[in-house]
Structure formats: C-alpha cells, structure tokens
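All remarks here apply to the structure that follows.
What follows draws every value from the coordinates through simple rules; no lab data is involved. None of the values given here were measured: they were computed from a predicted structure. Note that each Cβ is placed from the backbone with ideal geometry, even for glycine, and that neighbours are counted across all protein chains shown.
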Ligand code: G6P
C-alpha cells in the first residue's frame, strides 16, 4: 500500500473540530473542547501530523483539509453505519460491557459486521496518511480492530492504542461473542495503554485466557507470520489528565471569578452549593446522587434554600434507548425532589440539560462548595481533575466515587461507594461540615497531583514508551 506523508497520525472516532457547512458549501470549524487535541496539537503542528476521524455528521465526505495546524482526514459514516457501528456496537454493546454491565449489553451480529467494516475504513485511512516508518496512535473502544488491520496494511509503522474507558474483568469480557477478534485487534499494536493498572491486568488476563500467547509481566509475545520476526506488545497504565495549567488560568480570570459570584447570587446565596457535572450517562451515578441528596433534604440534614444542588447533565447519545430511559428517570426524580422540597423561586435541584463553554464550567467549579462525582464505573473522570485545577483558592471539597480511575490518583478526596446511599449521605455531610484547615490540606494534596500530572505529561509518557518499542526491520519499510 502506498505510504502517506505524515510522521504522526492520530486515529479517533471523532475529529478534533466541530464542522459547520456554510450556505455557500464552504467549511468552517471550531476546535472541540477536550484535552486530547490540546495535548497533541503541539506535536502535530511540529511534525505535520494527521488526524483521522468522523466529523459527527451523517454522510459527511470531504477530502483531507488543514485546520488547527494539522491535516484532518474525515471518515464518512452513513446513517445505517452510525446506527450499527456508533450507537449500536460501540455504545449499546461495548460501552455497557466495559462499564460493569450497569445496563445489559446487546449483542447483534449485524452491529458487529458494521463495526468490523467501519474499523477497516479507519485503518485504511490511517494507512494512507502515515509516512514510511511513522507512528499511528489509535484511540478508544470504537476502534479496537484498527491496530491489527493497520499492521497488515502497513507493517512498517509503530502503532499505539489507548483505551479511554475501563477494560472489564475477564469474567465479563468473555460474554462478548467476538472476544477473540477484539483481543487480536488490540494485539496489532506495539503498546496498548489503559487508564488504571487494573485495566491493563484485566486485558493481560483476557490474553492469557483467550490465546496461547506467552505473557510475561506487561509483555505479550506475538509470533511473526509469513517469516516476519516475533513482536512484543506491551500493556500498561497511563492515566490521562487535563491541561491543568490552562484550566487553572481560566478559573483565575477576573470575569470567571465575577461570574462565580454572580452564580451564587442567582441561586439565592445558599450556604452550601453542591455541584454535579456529567454527560447524561448511566455510568455516572446521577440517580444515586439525587437519591442521596433527596434523602438529606427529607431527613432535614440539609434544607432549601440554605442548601441547593446544581446538576449539569450534557446531552449525550440521545438516540440510544438506555440514554432515553435514563433521561426520563433523572428528570422525574429532579421534578419530585423540587416538588417536595423546593419553594417559589427556590429550587432544590437546578437541573441543566445543556453543554456549557469552559468559562461557565470554570465559574461553576469556583462557585461550588462540594463537587459530587458518583460514577458507578468511569475510566478516569476528568471533571474531578478540572474541579481540582480550578480551585487554586484551595476552597471546595471533592466527593469522589471509588469506581473512577481518578480515585487511584486523587487519594486526598473523600471517597464513596455510590451504591451505599447511607455512606454517601454521611460523606456529603462530612464534606459540607469540613473545617477549613482540613479542606485546604486535602485540596493542596489533590492539586499537587493534578497540576504535575497533566495531559501533556500523559501524552509524552505514552509516546515515549511507544518510541522505545522495537522498530520493524528495514525490509518491512515501504520503499
Ligand atoms: C467518552 C469516550 C469518548 C467519547 C466521549 C463522548 O469519554 O471515552 O471516546 O468521545 O465519551 O461520547 P460521544 O459518543 O459523544 O463521542
């Protein structure tokens, strides 16, 4: 296959921009929020990098184009492919399977078939973009077959894969009818990265159970086919982070601090402001959080208007059945709590089904006394890290589910098991009543971790290990 021109290529389900097609047919775009592009942009700009991904629009077909200092290569997806590959196999099979089967995963052969053909399309686009001996970094559960297809098309390139979500225990993973193919797909990479050491060991256990390959420590040996040498594949944790300094600076801006004050006034100047910020996803434990808050109001441990909660739930995957059901349940619960405990002009829960710009989020973080992260399972949870980065005033308290990747690192948070409603209530009250000395000490500890381990360091670590993987022999490099 002819090689492309980019030394470094990122492959992700989504492109790092939100594209608008203007009336005259021309394109405009805005960089999407999110740490991945921030971390990789300098490297992409330096090396003339390429990014292969879906535009988020049905059937959008376009030649590769330059934006944000990199070459973007859109992969088109038809309506049917979005239904079967994205909403179906990625978000109604793999997503629940990899998140502790919180809702039952659905297994449909037609979804799997489309997942394989779309993964082949992404791999082909990457193979066409990457220069001889270049590096390709593939991201997340939507694209687990890309490494092995790409390896076949371009044995000369280095391939890294990073899984942004948990990797499940083998007892759950093996429910997947196509478990062998997924493991083989991932083993096409030289380096497979995970959020937590536990995810990496789950993957290595799956390799042991499902293949007869040799596994030693973090390394799997894959015998070379067609007289190619054996390959070593390394599986290891690289906990992702945010652009901590940029977020801290944003949260210090005078307009943001002003907005934080204004938010508190608009909410009726409560003594205690609790905050939840999530995509509206069943993995986030929003119902558990609301239940705990509702009971605290019922018990009289908290009272409106002295206390209130803001819940930002950004719309997500709205055509997937389980997400529609969750939205109904959350909205009924919010309505019930407000009906029982609210007063005129004084809601108990301010529920916002929108996405907000980073400035508004930073202001909310600065305004909140207690941040509630109650995920039932979460690869990392970057909201927790954003809250910490925003609190350079050392104010606020973080209540954090032990089922997040972030809990491995953020050991100064108040941790909870969100299934334990009494335990969660007690911990929320501990956060509410915590003396300033303790909360500052905890926030200082949290900030030490988040400010030092930012997304740049994450990307450098991962790419540093990938660079150390053994290069392919010269005869495998395209001429
Ligand atoms: C998680 C996944 C990402 C995904 C994001 C938003 O963080 O790890 O791969 O992009 O959710 O979900 P969406 O389906 O809207 O891309």
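Please find the FRET efficiency linking residue 392 to residue 65, where r is the Cβ-Cβ separation and R0 is fixed at 41 Å, and quote it to the nearest 0.05. Write out the running numbers ahead of the final one.
Values: r = 38 Å, r/R0 = 0.94.
Efficiency, rounded to the nearest 0.05: 0.60.
The fewest-to-most ranking of 394, 187 by surrounding Cβ atoms within 10 Å reads 394, 187. Taking label positions 7 Å along the Cα-Cβ direction at both residue 343 and residue 444, the computed distance is 3.9 nm, reported to one decimal. Note on residue 354 and residue 419: the model spin-label points, each 7 Å out from Cα along the C-beta direction, lie 3.7 nm apart. Here is how the number arises for the chain: DSSP H runs of 4 or more residues each give -39500 (n - 2.57), the sum is divided by the residue count, and the result at 222 nm is -12500 deg cm²/dmol. By the count of neighbouring beta-carbon atoms within 10 Å, fewest first, 364, 463 end up ordered 463, 364. Taking the DSSP beta bridges in the range 155-234 as the whole, what percent of them are antiparallel, to the nearest 5? So the antiparallel bridges in the range 155-234 amount to around 65 percent.
On full extension of the chain, what length is gained from residue 429 through residue 266, given 0.36 nm per residue of separation minus the C-alpha to C-alpha distance?
Values: separation 163, 0.36 × 163 = 58.68 nm, distance 2.37 nm.
Length difference between fully extended and current span is 56.3 nm.
DSSP finds beta bridges in the chain, and of those with both partners inside it, around 25 percent are antiparallel. With the simple model of a label 7 Å out from the Cα in the direction of the Cβ, residue 257 to residue 23 spans 4.4 nm.
For the range 283-384, what relative contact order do you get, as a whole percent, if you take Cα pairs closer than 8 Å and at least 6 residues apart?
Numbers: 89 pairs, mean separation 43.6, N = 102.
The normalised contact order for the range 283-384 reaches 43 percent.
Expressed as a fraction of 2.2 N^0.38 Å, the C-alpha radius of gyration for the chain is 1.01. Residues 383, 455, 332, 146, arranged from fewest to most other Cβ atoms within 10 angstrom of their Cβ, appear as 332, 455, 383, 146. In the range 54-203 the Cα-Cα distances spread across 10 Å bins starting at 0 as 11, 39, 36, 12, 1 percent of all pairs. Can you grab the distance from the C-alpha centre of the range 301-377 to the C-alpha centre of the range 20-86, Å, no decimals? The distance from the Cα centre of the range 301-377 to that of the range 20-86 comes to 31 Å.
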